[in-house]
Amino acid sequence: MKFLQKLPIVLMVSLGLAGPSFAQLLPKGVGAYQLGYRKFDTNAQYFDQDGGAHGIGDKLKVEFSGTDMSSGKAGKDLKKLYREMKKFDSQGATKGVADEMNFGQLEGEATADVQAKFIGMAYGLTNRITGFAGIPFVSARVDAKINYSGTNNALAIKSRLGNMIYKEMQDGLDVASRLSADSVRENIEVTKGYAPIDHWEYNGVGDTVLGARTEISGDSLGVKRLHLGLTGQFDFATGHADDPDILTDIPIGRGYHALSVASDLKIASHGVETGILGSLTQGINRDVSRRVPDGTELLSGRDRKATVHWSPGQDIGGGLYLGYGDSLIKGVYTVGAQKHLQDHYSGSLEGDYQAMEKITESSRAYHQIGLSVSTLDAYTKKAISIPFILALTAHDTFAGVNSARARFVELSITSFFSTPAAAASRSTTASNTDKKTDRSIPKRNSLDFSAGV
Amino acid sequence: MHCGKHLFQSLAILAVVVLFCSCAMKKSNNDTHRDLAAPRATPAVSWNGDGVDNFAPQISSSGDAQSLLMALSGCDCAPTAAAALLTASAVKRGILPQVFVPQIRETITSDSKLQILLKLPSGLQNTLKSWLASDSKIASEIRTGISGKLNKSLGNFGGTTLSNRSAFRLDLFSAFGTDQSSFKMADQAARWNLVMGGRNLWTGGAPLDGVDHGLQLLETMRVAAEWAYIAGLSGSGKPGGFGGLALDVRTGNKNLVAPYDPTTAPKEAGLFASGVFTISYANASAVDMATKIKEKWVYQADEVTLLDQARLWRSAALAFRNFRGDLSKNASAILGVKDGALSSAMQQLPLLWLPGMGQLLEKKFINIGSRLILKTAFGAEAPADLETLLTMADAIQEWRSATSNLATSGLSPAVTEKLKGVPQKLLVPLQLTVQSIISKHTFVQDGNDVKLFVGSNGQVADPRLSAIAIRILGNLEQNGLNSEELKAKVFSLFASHAPSWAAQQAGVDAPTMIEEYRAAAMIAKYQDAQEWMRLLRDKMGASVARWGGAS
């Protein structure tokens, strides 16, 4: 039976890893490097189209009866069997044979162990522009299992109806009577031609990022303590994209190149910092391989695989944050939301492209809390020889539609280095302005390669 | 007299009456005629309350004769009523006078003595004709010849012989009303069911009228002659020069087709019969009519309804079953005797209608895309009504039954091979029909009752229709579909109707009463219904005793 849907964990990592950015402006000639580690919750969840949160295994749950059969969730063949059986029900009958069919149920268990390490580098091209690049290394492992349970009355119904029903229906009931976890798995792997669903793993890079950031100080605009940051970045689709022949894989990257612009407006006073964030991402169209549903089944067979043209929808993000701390320790709370507008697919193979598109429209709301320790001030005062920022972040997606519930913790460390260009710049700057220090590093700020809005 | 005797001795050929004559007369033209209005009062029979086995019909001038004929077909009940109707058919004038019946006409025209007579000068010829071959003499000789053939067949299986009956005729196409010049094919189809539905001739049961089986055999001959005439078949099975009142699925129902040649007909050809036919001919002596006069038919197209066609198909299936030696104890004796009433070649005659049935079902009566069974062919797409669906299911089931296990049928290997897949092929339209009956004409719980609705508009089927549903669906369930689900529906339907049926007294129309009887008899065939029937009879008293089969 064709019942499985693509695992919802497809979105789980992509949001976090697709766009590492660098939210910091470095002085000219100063470089920064960042190392990070992110660990996702193995008890992963997803939000369905109605916003309900479920365990990943719930997505695999199929009742081979009533609603799931009539809706097609239990597969094309059972939907057809239900529909045909319904025609033998009398009009007005409260419950006919079709609704008496009960072939048991299937439940799934799935765990995803996803970890990411990332390396980022930034460099102050000028005192106003900082370029940055980053690349994540991802280790993902998915283990899935399906269990069949319940009673199966297919043969009893077949016997009861006798030759009153068509041979195809009798054959269908025979097949239904043999439903089991193994038969389902066989259908997926042999008939449909998917890779074994029990286990999938990936070790490789995610999407690579290249971008630049600039900041405009409010001082120059006549508003003290105000900072307006602008970031532009390009995501290269170097990460593992959705494989149409693998059901349980996780797209590590977006699957398409994308251009993003983001801005943040911050205001700080007496240790309190608050601001708003906004971003817009536009993907670049590309041709990809997909299994195009024919409108009758949820899990398309190998014969439905075709090259389709993919026009990604935009990503729109926004958020608020509030931070408090001093030059050594600082805590930040962020709440935000992201929406991915519907993708569009087209291709020469006739099929239900709308169904493909419908599930691409997603949204999620998240919050995260972070704590960072910075030695920048101490380094400036020559109290410590290595400038670094150590940050710990916990992230949770508390609401969403058609999206994964991303929950992770992240640890990162950022350090800095100087180049001759920095020295030259510093000497010029020092002679003109500040001769108290001889170490040029950025001011303490949110410094993060990993979690843009 | 010698000439006439010789002539009518030749009527012995009537044994192979239908298929083995050569005919010279060309088919009459098939002009349509719009002025044909043939209002016919149909005989109706009402029940006098004496119980179904002693049912003595009171024929009136109005009512639904077709319903009565169908109710009696295969009933194995009401023999008095069936015999009365068959007798009426036997003695009444038909639309096509017997001298126009190809087999009789051919016998007359090929008689050598009569040929000499016809070559005499007209004055002498007329004198001798009125002496040697008067109309009454010819009629008498026809009767004698036919009686001889019937007696040969009846005697061959040890049955009673034809008694000294009052005059009977072999005119074709019974007149159902007062109009003696036109007939409606649908009326004939209902009569064919009555004739072919009687099993006692073929299985050795008691004669319908308590006298002999001659009446049934005569009517069987008549039906066979009618089918051959409609198809325009000659004795060799090739198209001949007489008759030809059939239509073809390929050309629709506007014009009649050329005589049907089953040996050369393309696969997609499909014979069927429908419409109203009006005959005209010049009045003359019997000899002149047989030798010189050509009958002219005017065909008026009518709606080709599935109900009428299903009745026709059903009658053919019943005939095919009757003619099978392995299914009918007396078939071999009746068909096998030399110079008897029917020949062994007759066994294939009902197959005439089978290709047309297949073509009509596939191309005209079933919208395969929407799987809708249609009420009419060649017209607007309207869903078939409940009675139509039930009759269609019955017809298909009879064909499935008649064409099953052909190895012992006595048919040639070639024919057997051709018919091999018929039962299975017909299973799908049968299942679709049952599905349509159940889903579109619903069995709905109504309080404590399960009622059969004729549609989704809340109209409950009348008792006759409900009884037909019980009988036909019960038969399907017992003989092929083997469905507990269907059985449960049939039982429920019967349970909700039985009390009111049992309480019925005189005044119920005959078709309804007979159908109720048959429904009860069908239920009584279920082993697990025996106790139920007993309880019902105890509860209802003697009024339910008329439901035979319940013990």
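For this structure, a couple of remarks:
- Test: residue in region B:214-223 that is at negative phi and without any contact (Cβ under 8 Å) to a residue 60 or more places away in the chain: no
- For region B:289-306, the count of residues that are of a type in the set (D, E, K, R), more than 23 Å from the chain's Cα centre (by Cα) and in a strand (DSSP E or B) is at least one.
- Of everything in region B:459-491 that is surrounded by fewer than 24 Cβ atoms within 10 Å (Cβ to Cβ) and closer than 17 Å to B:Pro511 by Cα, the residue that is nearest to the other protein chains (Cβ to nearest Cβ) is B:Ala461.
- Test set (1) closer than 30 Å to A:Gly55 by Cα; (2) hydrophobic (A, V, I, L, M, F, W, C); (3) assigned to a strand (DSSP E or B) - A:Met121 fails condition number: (1)
- Which listed residue is in contact with a Leu (Cβ under 6 Å, 6 or more places away or on another chain) and either free of Cβ contacts under 8 Å to residues at least 60 places away in the same chain or charged (D, E, K, R) (or both), from A:Gly351, A:Gly313, A:Gly325, A:Gly319: A:Gly313
- Of the listed requirements (1) in contact with a Leu (Cβ under 8 Å, 6 or more places away or on another chain); (2) basic (Lys, Arg); (3) without any contact (Cβ under 8 Å) to a residue 24 or more places away in the chain, A:Arg178 misses just one: (1).
- Given (1) modelled with pLDDT of 75 or more; (2) more than 14 Å from chain B (Cβ to nearest Cβ); (3) surrounded by fewer than 16 Cβ atoms within 10 Å (Cβ to Cβ); (4) not in a strand (DSSP E or B), index of the condition A:Asp77 fails: (3)
- Those helices (runs of 4 or more DSSP H) lying entirely in region A:144-189 with at least 2 residues in contact with a Cys (Cβ under 8 Å, 6 or more places away or on another chain), of a type outside the set (Gly, Ala, Ser) and more than 13 Å from chain B (Cβ to nearest Cβ): none
- Residue in region A:217-250 that is nearest to A:Gly57 (Cα to Cα), counting only those that are assigned to a loop (DSSP other than H, G, I, E, B) and among the small types (Gly, Ala, Ser): A:Ala241
- Considering region A:226-244, and only residues there that are more than 11 Å from A:Val209 (Cα to Cα) and surrounded by fewer than 17 Cβ atoms within 10 Å (Cβ to Cβ), the residue that is farthest from the chain's Cα centre (by Cα) turns out to be A:Leu230.
- Hits in region B:67-88 - residues which are among the small types (Gly, Ala, Ser), surrounded by fewer than 24 Cβ atoms within 10 Å (Cβ to Cβ) and in a helix (DSSP H, G or I): B:Ser67, B:Ala83, B:Ala84, B:Ala88
- Selected residue [within 25 Å of the chain's Cα centre (by Cα), away from chain B (no Cβ under 14 Å) and closer than 30 Å to A:Ala424 by Cβ] from A:Gly124, A:Gly134: A:Gly134
- Within region A:24-73, tally of residues that are under 18 Å from the mean Cα position of the chain (by Cα), assigned to a helix (DSSP H, G or I) and among the polar types (S, T, N, Q): 0
- Flag if B:Thr433 is within 14 Å of chain A (Cβ to nearest Cβ), under 16 Å from B:Gln309 (Cβ atoms), among the polar types (S, T, N, Q) and surrounded by 18 or more Cβ atoms within 10 Å (Cβ to Cβ): yes
- A search for C-beta distances below 8 Å between a residue of region B:512-533 that is within 16 Å of B:Leu69 (Cβ to Cβ) and of a type in the set (S, T, N, Q) and any residue that is in a loop (DSSP other than H, G, I, E, B) and modelled with pLDDT under 85, counting only pairs 6+ apart in sequence or on different chains, returns B:Thr512/B:Asp462.
- Some residue of region A:112-123 being surrounded by 15 or more Cβ atoms within 10 Å (Cβ to Cβ) and within 29 Å of A:Asp68 (Cβ to Cβ): yes
- Qualifying residue in region B:238-247 (condition: at pLDDT below 85, part of a loop (DSSP other than H, G, I, E, B), hydrophobic (A, V, I, L, M, F, W, C) and within 24 Å of B:Ala88 (Cα to Cα)): no
- All helices (runs of 4 or more DSSP H) inside region B:334-423 with 3 or more residues being over 22 Å from the mean Cα position of the chain (by Cα): B:413-419
- Selection of region A:185-225 for residues being buried (at least 18 other Cβ atoms within 10 Å of the Cβ) and modelled with pLDDT under 90 yields A:Arg185, A:Asn187, A:Ile188, A:Lys192, A:Ile197, A:Glu215.
- Count - residues of region B:405-428 that are β-branched (Val, Ile, Thr) and within 14 Å of chain A (Cβ to nearest Cβ): 1
- Taken across region B:492-500, residues that are in a helix (DSSP H, G or I), closer than 30 Å to A:Glu168 by Cα and either within 9 Å of chain A (Cβ to nearest Cβ) or at pLDDT 70 or above (or both) do occur, with at least one present.
- Filtering region A:88-104 for residues that are basic (Lys, Arg), away from every other protein chain (no Cβ under 14 Å), surrounded by fewer than 21 Cβ atoms within 10 Å (Cβ to Cβ) and not in a strand (DSSP E or B) leaves an empty set.
- One residue from A:Glu107, A:Glu84 being in contact (Cβ under 8 Å) with a residue 40 or more places away in the chain and within 14 Å of chain B (Cβ to nearest Cβ): A:Glu84
- Failed criterion for B:Ala510 (all others in (1) over 25 Å from the mean Cα position of the chain (by Cα); (2) crowded, with 21+ Cβ neighbours inside 10 Å; (3) at pLDDT below 85 hold): (1)
- A:Leu259 outside any strand (DSSP E or B), touching a Gly at 6+ places or on another chain (Cβ under 8 Å) and surrounded by fewer than 22 Cβ atoms within 10 Å (Cβ to Cβ): no
- Only a single criterion out of (1) in a loop (DSSP other than H, G, I, E, B); (2) touching a residue at least 60 places away in the same chain (Cβ under 8 Å); (3) surrounded by fewer than 19 Cβ atoms within 10 Å (Cβ to Cβ) is not satisfied by A:Gly253, namely (3).
The values are calculated or read from the model by the stated rules, or taken from the named source; none is laboratory data. None of these values were measured; they are calculated from a predicted model. Heads up, the Cβs are rebuilt from the backbone with ideal geometry, glycines too, and the neighbour counts pull from every protein chain shown.
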